[in-house]
Amino acid sequence: MTTIDAEARHGETGLDGAQIGGFTAHMVTMRWTVDEGWTGPVLGPRTDLSLPPATAVLHTGQSIIEGLAAHRQQDGTVAIFRPRDHARRFQRSARRLSMPPLPEEHFVRALETLVAADHGAMSDQPGWRLYLRPFMFASEENLVPRPAREFTFVAIAMIIGNYFGEDIESLSVWVCRDFPRAFPGGTGDVKYAGNYAPTLLAQTKAGQAGCHQVVWLDAAERRWIEEMGSANLFFVRGTGSEAVVVTPELTGSFLPGVTRDTVLALAARLGYTVRHERMSPERWREECASGEITETFASGTATVVTAVGSVTDGESTWAIGDGTPGPVSRAVHQLMIDSQHGRAADPAGWRHPVRTPA
Ligand SMILES: Cc1ncc(COP(=O)(O)O)c(C=O)c1O
């Protein structure tokens, strides 16, 4: 694939480079009011939302999202990957934004209902899956900046796939020095919808620099790498069974990815040493030049596991290894997709089977 093809691909698809196959037919809704608490879930056709102009979310921005996936299993059934972990993060996001936390059981049941209704639309091609997007917003009519008294929860689904099927791909990244994504005490560690709009300018600049994705630095010192686009980052030192997989410690200003947690467990299962360590772009460049860092990869629900092939920081650009996905990235990626599709053991119970109508 040429660089131009790759840029067009990543620029247009948006969802961390995943290929988009269209929304499914249904959606699930729930409603919360101060007086009645939660009602629903209601399964219905995916349809437009009709909102009065004074709907609070349009004025105060009280809106949170999640992103998780359901996969076709080897035996033909369907399972959602780690829905309870996403439910708990959705609750943390809600509390941070002064919204009512949706009980874990409600979250899981809503997604089971949606997947059971729409699993038939899933593609059986390698690398394709059902991306689930639950979100919640302040649906009360109110212009005053106070916590709303009515919220709407909606879950929709989209078919997505990888351009390389079940193979892993390689991206170029641009270090963003000017616009931090998040700051200590802010909302970077939850999935607040408003976290994403301010990142679009940096994403445009990354594209202008010929790169697919943005690497975010901490806001206080503008020195420490936090994450990449909408994914968490891992650096590999050494090779073979001696490889050490390093990722930044959670600081509270970037997202604790569920996939990040999965990668840490799978890397350990593969026999690699796993370590938390701060990494600066300067050190990253030096250790790539000396051959100490052999690979870098990113993880996320949409990204799955994607290698980083080259980095641009200001005027300098450097390659990671030979610029193609290395063996550690490949091994983690393979075990990840095998775990998601029911082809690997599931000791931690990550796969949540969905009962589908016969
Ligand atoms: C900012 C950000 N970082 C990291 C991730 C990866 O998180 P997860 O692995 O839970 O998809 C996401 C995606 O949700 C994200 O939006």
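The values are calculated or read from the model by the stated rules, or taken from the named source; none is laboratory data. These numbers were taken from a predicted model, which means no experiment stands behind them. With ideal geometry, Cβ positions are generated from the backbone for all residues, glycine too; neighbour counts draw on all protein chains shown. All accessible areas refer to the heavy atoms of the entire protein, side chains included, with ligands and DNA or RNA removed. Shrake-Rupley method; radii C 1.70, N 1.55, O 1.52, S 1.80 Å.
Data for the structure
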item: Along principal axes, Cα extents of the stretch 160-249, largest first, whole Å; result: 39, 29, 25
item: Where only C-alpha atoms are counted, convex hull volume of the chain per residue in Å³; result: 133 Å³
item: From the C-alpha gyration tensor of the stretch 194-247, square roots of 5λ in Å; result: 26, 14, 10
item: Against the rule of thumb 2.2 N^0.38 Å, how large the Cα Rg of the stretch 170-341 comes out; result: 0.96
item: Approximate shape of the stretch 299-345 as ellipsoid semi-axes (Cα gyration tensor, √5λ), whole Å, largest first; result: 28, 12, 5
item: Between helix 104-118 and the chain: long-axis angle, C-alpha atoms, 0 to 90°, nearest 10; result: 90 degrees
item: For the stretch 240-318 versus the stretch 148-164, the gap between their alpha-carbon centres in whole angstrom; result: 28 Å
item: ARG146 - accessible surface, heavy atoms, 1.4 Å probe, Å² rounded to 10; result: 60 Å²
item: Ordering of 265-278, 23-36 by burial proxy (mean other Cβ atoms within 10 Å per residue, highest first); result: 23-36, 265-278
item: Protein accessible area in the stretch 12-160, 1.4 Å probe - carbon and sulfur %; result: 52 percent
item: Choice from LEU233, LEU58, LEU102 with maximal GNM fluctuation in the chain (Cα, 10 Å cutoff); result: LEU58
item: Helix 83-96 vs. the chain, principal-axis angle (Cα, 0 to 90°, nearest 10); result: 80 degrees
item: For peptides 213-221, 296-304, sequence by mean Cβ density within 10 Å, most packed first; result: 296-304, 213-221
item: Dipole magnitude (debye, nearest 20) for the chain, charges at Cβ of Lys, Arg, Asp, Glu; result: 720 debye
item: Charge dipole (the chain, unit charges on Cβ, about Cα centre) - positive-most of GLN125, SER63, PRO147; result: PRO147
item: Amide proton proximity set for ILE293, modelled H, under 5 Å, gap of 5+; result: CYS288
item: Most fluctuating residue given options PRO53, PRO147, PRO325, as computed from a GNM of the chain linking Cα atoms under 10 Å; result: PRO53
item: The stretch 12-160 - convex hull of alpha carbons, volume per residue in Å³; result: 118 Å³
item: Calculated Rg and Dmax of the stretch 13-76 using C-alpha coordinates, Å; result: 16.2, 49
item: Degrees, to the nearest 10: 281-290 long Cα axis against longest axis of the chain; result: 40 degrees
